[in-house]
Each structure stands twice: as C-alpha cells, then as structure tokens.
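Asks: Please find one structure pasted underneath; my questions will follow.
What follows is calculated from the coordinates using simple rules that are stated; it is not laboratory data. These figures come from a predicted structure and were not determined experimentally. Note: ideal-geometry Cβ built from the backbone for every residue, glycine included; neighbour counts use all protein chains shown.
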Amino acid sequence: MLVDLLRSKRWLRRTLSGVSVLLLLGGLGLVGYPFATNMWTDRIQARLEDQIASPELQQAYKERKIETGDSLTRIKIPALGLDTVVVEGVTPSALRAGAGHYPQTPLPCEQGNVAIAGHRTTYGRPFGNVDQLKPGDTIELTTPIGGCVYQVAKAPWVVAPSELSVIDPTSERSLTLTTCHPKGSAAQRLIIRATWVKDLKAA
Amino acid sequence: MRTVQRLGAIALTALVMGAVLALPAAAQTGTQTVETRPESFIATAAARGLDLNLFGNHVTIGQSSALINSTPTAKASGAGIALIAGTVSTSEVNAPEQSAAPPKACAINLPVAGLLTVELACGESKVSTTNGAPSAYGAGAVAGVDLLGANLLDPIVDLLRSLLNALLPVVDQTVGTVLNTLTPVLGNLLGGLTGSLGLGSGSTVAPVSGLVNDLLDGVQRATQLLDVKVGDSTAQTVTTAGAVTATATAAGAQIDLLPGLTLGGSPLLSIIVGSAKSVSTFDRATAVSTPTFDAAVARVRLGLPLLGGSVTEIPIQLNAPLTLLAGTPLETTISLGAGRTVKDPNTGSVASYADGVSIQLLKGLNGGIGLELAHAETGVGGQARLVAQQALAPAEPVPQLAKTGNDPWLPLAGAGLLMAALGIRRRITAAQPVRTSERVSQ
C-alpha cells in the first residue's frame, strides 16, 4: 500500500528521500560520535605532549599558575598500558584532553589527596580499563618539575556522582582516580585510591 | 502488515529525533508563575426583619449581619431581638483554617421594654476560613410578637368609643349625611370604600345605628393593639472558586392593627409585606462586582365591619405613600421603599439595598408606632490577584564528581536512525517506476 502510494506520488518519494538522508546523517553522527572524540583527543594530546616539555610550562608549574586546559602531569599505569597527559581542570572542555586534575586538590605528588578524572569510553578513553586495577598496581605521575609513584591501595569501588568526599583531603599523600560507571554511562562513578610510594628524580 | 511496521518505524524515528531536539530546548526555557499582587476582597451583608419605634421606644427584631475579607476574617451575628443578650449570637475568626459555630441563642416569652412580648426569639451565627474560602452566616428569627394590650389599648378604645358615640345621634340619616359626618374623622378611607361598594353621597340606606354599635362592640372585643409576625432575617457571605457573594434576605412580615376587631376575627388593618433580598457578587477572575436587589412588595387589607364587613385590599405603589385615617389621631401612612445599587467608580466596589416597607401607625398617639420592615443590604469590593510569568532562575548545579561518561542511549538512537533511513530507502527504491530502457529489454 505504501509502495503504491509512493509510486503514484512523486512529491512523496522526494520528501521521504530527503528525510531518509537526514536520518542517515543523524544516525552516522550519533554512532560515530565516540570515534570522533577519540580523534579529537589524539590531536589535543599531541599539542599537550609538546607543551608539557616546554620551559614555559615548567616555569608556570613552579609558580603554580597552570591554566585550565594546560598540561599538568603525565600519568602512566603500566598494568593497563596507559600513558597520557593530564590537563589542569575537570570542566567538559578541559576533559576533552582525556583526563583532568581536580583543581581544588593538591598538585601531583604533593601532600594530601591528589584527584584526577578521566574519560572511560570517549575522548581517548584513558580510564577505559581502570576497573581492572588491583591493589599493588603502580601509578606514576611525572610533572614538569619531578614525579612520584603511587600504589593502588584497594580494589576499585563505585559511588554516586555526588559523593565528593572521595576527593576530600587526606592526611597522607594519596592519589584518587575517578571515572564514570558503568561504561558509556554517567550514572555512577568508579573510584581508585592509591597511596604514595616514592618520589622520582627530576629529569 | 509490513506497511504498518514501516509506518511505525518512521513514527518511532520521528519521536527519537523530536526528543533529541526538544530536550535541550526544554531545559533552557522554563518559566514560573509569580504572584505580583495578592487577591483582596471584602463582602458584607445585613438584614433586618423589623425596626420598631413604639411610642419613643426603639426595638429591632430579627437582625443579622455577616462579613468576610481576604486577610482572612469572617464575622457573623444574628439576633432575635437586638441588644437582648439571650437572643444574640456572634462569632468571629481571624486566621486561616478556623471555624466557629456557637449554639443558637434563644429566649422564650420575652418581655421587651414593658411594651412587647416575644414568644420565641433566636440568634444564630457561623463562621469559617477553612480551605482558603472564608464564609460567614448570621440569622435572626422571632415568633409571635404581641404588643401588650392593657396600657396601650385603653386610650385607643376610649378614643374610638367617643368617636362612635358622637355618630349615634345621626345614625338614621342618609348615608350621605353619615359620610359627611365621618369624612373629617376617617379621611380618604371612606371615599375609597364607599366607591367600591357603589354608594354615593345621595344614597339612602337603612339606619346604620346597628353598624355603629357593632363597631363599638368590636373595639371592646379587641384584646391587642398590634400583632406582628416577622419572618427570618439572614445574612450570608461566601467564597467560592469563582466568586465572593454577599446575600441578605429579610423574609416577609404581617402587621395586624387591632386584631379581633370584627366578629370574624379580622383586624382593622392588615399590612402584608413580602420578602426583600439583596445580592452583591465579586467575580474573582475579573474583579468585577455586581449588585442586584429584589425589593419587598406590600399590600394593605382593610376590614371595616360597619360597611358590610367585607375585606378590601389596597395595593401600595412605589413612591406613592398611602395615608389612611388622615387628620385623625389614628392617621397611618404606609410607604413602599425601592431598591437601589451604588457603585464606587474609583474602587469598583458596589452596594445593593433592598428597602422594605415603612409604616407610621397612629401618628396622633404619643408619636405613634413606626415600623421599618424587610430591609436587606449587601456590599462587595476587591482586587483580583495579579500574576506574571517569570523566567526560572537557572538551577544551581548539584556538585558532582567530574562527568566523564555519556548518555548511553546516543549510540542506540544512532542505530535506530540508520535503520529507519535504510528502511525508507528500500521502500522508495521498490516504488521507483520502471525505466523505459528496462522495459525495452524485457
């Protein structure tokens, strides 16, 4: 019946043809969105790699004047094969780099609870597999002026998005990673807590 | 079936696309209704059954009042006889969600000012401010009002007796002579009555000495000067979702002068008054107030045994007072009041008055008896509530850990759009007309 209608109505065929093209473009956009973000993040990371090695950033870090979106530290997790540059700030714009440092927490390797958030399924998905971390796995942070190593203290756990206490200050030197949970959703947060092990000598 | 499935797929696709487009828009365009001026109103109602001025003594019988406003306040009072505590009920509330309904205040066989006896007088009042709708109700009622006979009746009987005795020497003359003799005493009353009976000044009738004697006997039989029956007086103010209404009603009354005068028990004079009603309404949506009234009607019934014992009814015209027994000590004037409405052009408030009947009885006797019957009045006014649409202040975001995930339905929606697009393409392709070259090859 629809075919007969389409056969007899040329204008209807053309209209539906236009609609199908729009649907096709919309569908491709939605399906291809995660891939597009990964490509976007790759470009940003290339810029950040250059920036973190620059003397200007080193000076800014010393003066504690890192702007939101600028390189702050490199994070390496050997157990996951992760090596990416973390920027300052956790705004949506800053997090297009993949991972960002909560600005209200101490700078990496300093006394207290350093907190870093990272994407899990988009924008390079740096924290895509942090749920696989086990106690004892190491996390290395390298800043423009030094670095340190943390060790995962306990198995990852899930909290509500409003559970800000996980990034509250701690008396010891610790590192907290946060990412969305479950994968592809922002309904909850996955938390990884690590404690300081040792400092690294500046390069 | 397949067609239905495809149409369903298209509808689903459109729904998904609509949701994708509408969600961000809805999040940005919230408004709220804000009250910029609260509603205010006031409504009053008052009714009076009978206001009696008895040889200088003032008594109000059957009085009620009610008032409400938007603060909220509700007041009501009802009195069988004003100022007599046992017959007065009052109640008042001044805060939301309150009510009061005291028991009726009643008294029986109540002497008033040494002049009246009231068999039963009751006052009632109820008020409420519950559910944001203030209301007030007051009512006053009496049953059986008698003027005490002895002191008042004696001088009148004496007066009538002296008048009638003066007539006896001429009772065998013609009717014209009788009328000429009576006219200065009974005034316009006789003219109307003899006219209705077909009697002129030249008529000759049987001696009337018997009739005069009958009248004398009747005066002797009369045991009361005045018998008053007054209906209930009610005042009510109510608030509904759409309007605030004040209603006052004074039920009818009957005044009998010298009851029992005739052998059949008829009084010399009966004045019958209908009910008076006043209503004022405030429309809460438009703030327009409307007054209406229904003024009382009245008629007079005369029973004069000396002229055949028949009863004659005389309607009373608006703005045309009727005077009976003019020039005599028994002169009586009856006036029918009109209704009227008043509107304040500045505030829009209105008032409505339904006046009843004013009667001045026996003017020649110590100032006489004044009666104001069936009076009702109401008034309302106010301002409507004003509201305005204001943009919602953006909601303060709840502090959260950084959002590093996405809405999981995005890829699903994308897949749905792709499937819908492919389905439509297939149908379009199937519907393409066969090309000429293909037809030739076939």
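Asks: Within the set of other residues whose C-beta is less than 13 Å from the C-beta of B:P315, count the net charge using Lys and Arg as +1 and Asp and Glu as -1.
Replies: Details: positive: B:R299, B:R301; negative: B:E313.
Here the charged neighbours net out to +1.
Asks: Let me ask another. Among the listed pairs B:K104/B:K229; A:K76/A:K183; A:K62/A:K134; A:K183/B:K403; A:K198/B:K403, give every one whose C-alpha distance is greater than 24 Å.
Replies: Numbers: B:K104/B:K229 20 Å; A:K76/A:K183 21 Å; A:K62/A:K134 33 Å; A:K183/B:K403 12 Å; A:K198/B:K403 30 Å.
Correct reply: A:K62/A:K134; A:K198/B:K403.
Asks: Once the convex hull of the C-alpha atoms of segment A:39-200 is built, how many Å³ does it hold per residue, rounded to a whole number?
Replies: Values: hull volume 16.0 nm³, N = 162.
Each residue corresponds to 99 Å³ of Cα convex hull volume.
Asks: At a Cα cut-off below 17 Å, give the aspartates and glutamates reachable from B:K126, other chains included and same-chain residues fewer than 8 away excluded.
Replies: B:E92, B:E97, B:D232
Asks: Next up: Give the list, by residue number, of cysteines in chain A with no other Cys Cβ closer than 4.7 Å, or say none.
Replies: A:C180
Asks: Sticking with this structure for a sec: Within 10 Å of each Cβ in peptide A:117-126, how many partner chain Cβ atoms are there on average? Round it to a whole number, please. Before the final figure, lay out the partial values.
Replies: Working: counts 4, 2, 5, 3, 5, 3, 2, 0, 1, 1.
Mean number of neighbouring Cβ atoms from other chains: 3.
Asks: Okay, next question. Would you calculate a helix-derived [θ] at 222 nm for chain A, using -39,500 (n - 2.57) for each DSSP H run of n ≥ 4 and dividing by the full residue count, to the nearest 500? Write out the running numbers ahead of the final one.
Replies: Numbers: 3 runs with 58 residues, N = 203.
That calculation yields -10000 deg cm²/dmol at 222 nm.
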